[in-house]
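The values are calculated or read from the model by the stated rules, or taken from the named source; none is laboratory data. In this text, all values refer to a predicted model and were calculated from it rather than measured experimentally. Glycine gets a Cβ as well: all are built from the backbone with ideal geometry, and neighbour counts include every protein chain shown.
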Amino acid sequence: MRSAIPYGWAWMTDDGAAASLWIPPGRPELRAADEARVEPLLRELVGSHADNVLTLLDRFDANHPRQPPHYFLSLLGTHPDHRGKGKGMGLLAANLAQIDELGMPAYLESSNRANDHRYERLGFTQIGEFEAPAGGPTIGCMWREREDATRTSALHEEQRRLPSQEAGDARVVGMELVIVGTVQSTLTDVAAAPKPPLRGTGER
């Protein structure tokens with residue numbers, strides 16, 4: 001997360017209810033130094049389950065399309081006090097509208113398959129799936145081409161779920177980011193291991 005925030009694609013709603021973190025085209029999700037720390041940290045935190053988690057991370061990487069260039073949704077999370085109010089999907093819709101303006105596709109991984117229909121409503125299509133090791137959940141690989149007229153109304157409806165000042169003015173955030181995200185929940189499932197709003201560094 002620390003590696004990705006400088007890209008300028010970390011967002012949250014004005015009330016801190018939801019946050020998203022995107023990796024722009026051609027950028028690594030982790031810096032080399034951070035990637036080198038992943039395995040030792042996992043072995044320290046989850047012990048004998050580390051191999052399963054490392055296998056899961058390898059599967060994420062192996063199933064991630066390399067071309068064409070695209071924006072990758074690394075994390076999308078909603079504060080527990082605001083779940084079920086559409087804040088996360090509203091922020092996602094606002095992000096996608098900006099990505100559409102850049103003429104770029106988008107990619108995400110869905111570990112909670114109950115959310116697939118929500119992503120599909122915003123234009124994502126499943127292009128593959130893979131299983132987490134040790135009986136973990138199935139992860140869906142979902143791709144979205146640039147917005148077209150048939151999906152414009154769905155984007156606008158999701159954005160309307162945000163308070164009006166948030167829908168068009170999500171903030172770029174920096175420093176610490178604490179999110180309940182799809183990757184976090186998947187790692188917890190596989191490893192069997194046991195939110196405050198941020199201050200923005202700028203606005204888009």
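Among residues of region 76-97 that are among the β-branched types (Val, Ile, Thr), those with a Cβ under 6 angstrom from a residue that is buried (at least 20 other Cβ atoms within 10 Å of the Cβ), sequence gap 6+ or separate chain, pair up as THR78/ALA18; THR78/LYS87; THR78/GLY88.
Number of residues in region 8-38 that are crowded, with 17+ Cβ neighbours inside 10 Å and outside any loop (DSSP other than H, G, I, E, B): the value is 9. Name the residue that is farthest from PRO68 (Cα to Cα), counting only residues in region 100-141 that are of a type in the set (A, V, I, L, M) and surrounded by fewer than 15 Cβ atoms within 10 Å (Cβ to Cβ). Among residues in region 100-141 that are of a type in the set (A, V, I, L, M) and surrounded by fewer than 15 Cβ atoms within 10 Å (Cβ to Cβ), the one farthest from PRO68 (Cα to Cα) is ALA114. Within region 91-111, the presence of at least one residue that is of a type outside the set (Lys, Arg), part of a helix (DSSP H, G or I) and more than 16 Å from the chain's Cα centre (by Cα) is confirmed. Restricting region 55-73 to residues that are in contact with a strand residue (DSSP E or B) (Cβ under 6 Å, 6 or more places away or on another chain) and closer than 17 Å to LEU21 by Cβ, the residue that is surrounded by the fewest Cβ atoms within 10 Å (Cβ to Cβ) is PHE72. Looking only at region 99-108, decide whether some residue is closer than 22 Å to LEU30 by Cβ, of a type in the set (Ser, Thr, Tyr) and in contact with a Ser or Thr (Cβ under 8 Å, 6 or more places away or on another chain). So far as region 99-108 goes, no, none of its residues is closer than 22 Å to LEU30 by Cβ, of a type in the set (Ser, Thr, Tyr) and in contact with a Ser or Thr (Cβ under 8 Å, 6 or more places away or on another chain).
Among the residues making up region 20-33, those that are of a type outside the set (A, V, I, L, M, F, W, C) and more than 21 Å from ASN52 (Cβ to Cβ) are SER20, PRO24, PRO25, GLY26, ARG27, PRO28, ARG31. Among what's in region 94-147 and is out of contact with any strand residue (DSSP E or B) (no Cβ under 7 Å at 6 or more places or on another chain) and of a type in the set (D, E, K, R), pick the residue that is nearest to ALA18 (Cα to Cα). Within region 94-147, the match that is nearest to ALA18 (Cα to Cα) is ARG118. For first residues located in region 100-121 and within 11 Å of ARG144 (Cα to Cα) and modelled with pLDDT of 95 or more, partners that are aliphatic (A, V, I, L, M) and surrounded by fewer than 15 Cβ atoms within 10 Å (Cβ to Cβ) and lie 6+ apart or on another chain with Cβ distances below 9 Å form the pairs TYR107/ILE127.
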